[in-house]
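The values are calculated or read from the model by the stated rules, or taken from the named source; none is laboratory data. A quick note: this is a predicted structure, and the numbers were derived from the prediction, not measured. Cβ coordinates were reconstructed from backbone atoms using ideal geometry, including for glycine residues, and neighbour counts include every protein chain displayed.
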Amino acid sequence: MLKKTLYLLLIPIFAFVISCDKNKKDKSKQYLTINIVSDPLSLNPMKIRDLNSVILSKLFFDGLMRVNEDKQIKEAIAESYKISDDNKIFTFQINKNAFWSNGDKVTAYDFEYSWKKKLSKAFLSSTASSLFVIKNAKEAKKGKVSIDEIGITAIDENTLVIELEKPCPYFLRMLTTPAFFAVNKKVDIENSNWAQDSKTFVSNGAFTLGEWKQHDFIVAKKNKFYWDAKRVKLEKISMLMLTIETEHNMFDLNQLDIAGSPFSTLIVESLKKLKNEKTYNVSPYFGTSFLRINTQKIDDVNFRKDLMYAFDREKITEHILQGGQIPTSKLVPIDKKIDTPIIKKDYAKRKIVLTYASSDRAHVIAQALQRDLSTNLNLDVELKALEKQSFYEKLGSLDYEIALSSWIADFEDKVDFLNVFKYKNSSTNNTGWENQKYINLLQESETILDQNKRDETLSKAEDILLDEAAIIPIYHLTQNFLKKENLKDVFIYPNGFIDFKYAYFE
């Protein structure tokens, strides 16, 4: 009781974004309040990398295609499309009702400009490699061909033609991901930092930016110019940046509507009790936690393999996380636990540094790895916790030895995991590892229409990646979250995307 009384004294701090008593608030006001823990690195879909940026980009932007409430891929900014007989040329007609939040019409030129800018050699982007399925995209990124030679052409403001290098059976699904979102060409040319301020922010999705106070909160408001605005019921989403403990207290006091995944985590010590609550939910997560190895600094493949078998995965999932995560030695998620033998060797106090993005969960996992690697391999493991921005900078410059990492697929296909490590110079690889047989298998899979044969080919590629231990899988993720019972039609997908487009309070 004392804890709650003390906490109530803190609630006025958040009065500008939340109601003090949701049980008494006017139910006609469709205001949602959640916790996102920390700032996204960017709200510009061309510059995203971290999970917060990805999730929020889908809140603010639509692509040509979109996953709807029935998990079907449907037209969004595209009103219609045609595919050539050879499955290489896609022609899209832009939705005549699609507008930017400043009232500008969304055009084919916006998409051509955005994608070509991302593929220019000078532009830093963590998602540019996703566009390499497009003709000459990879060569343009290397600076070997002109941007004008890329297979992206706006015929007029309503018609966009995309030519692929070869048929890609999942291309429409790729178009639902942030890698293929567009920005307003006119706005971006005038001010490349438009996404940093609510006064200049422009979006084409269900919501737009109302206010952003760094390290404190973000407020999203319904986009009145959205092409499907009549189906959007929420008027405002307040996104606070709270500790996990504060988040749980505020959820208990009806000051938050959702707690936990995908932005945050539930308190481990509370999980046993929470699992009996009606507000508790578990859903699949098409993602994997793993150790990323800088193979340029740790070039001994046998040592890397020893690292793979030197820690207890089940202890991490069962005793530390306790959220149904699946211990594994595979990168691509599967539905069953894989028992991994634990070896013992003596590396005579060889020193290694384990780097991770600072968070409570990452810290306890890093400590468990530190103990096991020290005990089983006689290693001297130094832990280095970094702020999120610094962590990604270290990864990008290969200024680390071992890094605690994760990957959540943009779409539910094995290839979205394996393509991460296809080329050593891609912005998502960050291991310095590349293997031509691996590349060949991934390229071969792109032309296989038989799904079973395609899966076999992709599995062979995964075996190469794991056999060379460029990464070391730890566990497959799950989503554990609390949601108020009167909050309806919130869709949380296996890729971590949380869709509030259809959400409402009953």
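Which one of 448, 402 is within 20 Å of residue 472 (Cβ to Cβ), touching a Ser or Thr at 6+ places or on another chain (Cβ under 8 Å) and of a type in the set (Val, Ile, Thr)?
Only one candidate qualifies: 402.
Considering only residues of region 245-276 that are in a loop (DSSP other than H, G, I, E, B) and without any contact (Cβ under 8 Å) to a residue 12 or more places away in the chain, which is surrounded by the fewest Cβ atoms within 10 Å (Cβ to Cβ)? Even if it seems obvious, please write down each step before you answer.
Initial filter on region 245-276 (in a loop (DSSP other than H, G, I, E, B)): 253-257, 261-267, 275-276.
Filter again for without any contact (Cβ under 8 Å) to a residue 12 or more places away in the chain, leaving 275-276.
Numbers: 275: 14, 276: 7.
For region 245-276, the residue satisfying everything is 276.
Looking at region 325-338, which of its residues are in a loop (DSSP other than H, G, I, E, B) and either touching a residue at least 24 places away in the same chain (Cβ under 8 Å) or surrounded by 19 or more Cβ atoms within 10 Å (Cβ to Cβ) (or both)? Even if it seems obvious, please write down each step before you answer.
Here is the first cut: in region 325-338, the residues in a loop (DSSP other than H, G, I, E, B) are 325, 328-338.
The answer is 325, 328, 329, 330, 331, 332, 333, 334.
From 450, 455, which residue is in contact with a Lys or Arg (Cβ under 9 Å, 6 or more places away or on another chain) and either of a type in the set (Asp, Glu) or without any contact (Cβ under 8 Å) to a residue 12 or more places away in the chain (or both)? So that I can check it myself, show each step before the final result.
On the way: 450 fails: in contact with a Lys or Arg (Cβ under 9 Å, 6 or more places away or on another chain).
From the options 450, 455, the qualifying one is 455.
Pull up region 394-435, narrow it to residues that are modelled with pLDDT under 95 and acidic (Asp, Glu), then point me to the one that is nearest to residue 65 (Cα to Cα).
Ranking the qualifying residues of region 394-435, first place goes to 410.
Within region 208-232, take every residue that is of a type in the set (A, V, I, L, M) and either part of a strand (DSSP E or B) or not assigned by TED's automatic domain parsing to the domain that holds residue 36 (or both) and give me the one that is surrounded by the fewest Cβ atoms within 10 Å (Cβ to Cβ). I'd like the intermediate steps shown before the answer.
Our first condition is that a residue be of a type in the set (A, V, I, L, M); within region 208-232, this holds for 209, 218-220, 229, 232.
Now restrict to residues that are either part of a strand (DSSP E or B) or not assigned by TED's automatic domain parsing to the domain that holds residue 36 (or both): 209, 218-220.
Numbers: 209: 24, 218: 25, 219: 20, 220: 25.
In this case the residue turns out to be 219.
Hey, can you tell me all the residues within region 180-196 that are in contact with an Asp or Glu (Cβ under 7 Å, 6 or more places away or on another chain) and of a type in the set (Gly, Ala, Ser)?
182
Can you find even one residue in region 274-284 that is among the hydroxyl-bearing types (Ser, Thr, Tyr), touching a His at 6+ places or on another chain (Cβ under 9 Å) and within 17 Å of residue 409 (Cα to Cα)? Steps first, please.
Within region 274-284, the first condition is being among the hydroxyl-bearing types (Ser, Thr, Tyr), and the residues that meet it are 279-280, 283.
Remaining after also requiring touching a His at 6+ places or on another chain (Cβ under 9 Å): none.
The answer is no, given that none of the residues of region 274-284 is among the hydroxyl-bearing types (Ser, Thr, Tyr), touching a His at 6+ places or on another chain (Cβ under 9 Å) and within 17 Å of residue 409 (Cα to Cα).
I'd like to check something: does region 131-141 contain any residue that is surrounded by fewer than 22 Cβ atoms within 10 Å (Cβ to Cβ), modelled with pLDDT of 95 or more and under 17 Å from residue 44 (Cβ atoms)?
No - not one qualifying residue is present in region 131-141.
Within region 463-495, how many residues turn out to be surrounded by 22 or more Cβ atoms within 10 Å (Cβ to Cβ) and at positive phi?
Counting residues in region 463-495 that are surrounded by 22 or more Cβ atoms within 10 Å (Cβ to Cβ) and at positive phi gives 1.
Where in region 363-462 are the helices (runs of 4 or more DSSP H), entirely inside, with at least 3 residues that are surrounded by fewer than 18 Cβ atoms within 10 Å (Cβ to Cβ)? First the steps, then the outcome.
Working: elements: 388-396, 415-418, 436-445.
Counting at least 3 such residues, we get 388-396, 436-445.
Return the residues of region 166-190 that are closer than 20 Å to residue 121 by Cα and modelled with pLDDT of 95 or more; say none if nothing qualifies. Step through it out loud before you land on a result.
To start, the set of residues in region 166-190 that are closer than 20 Å to residue 121 by Cα comprises 178-183, 185, 188-189.
The answer is 180, 181, 182, 183, 185, 188, 189.
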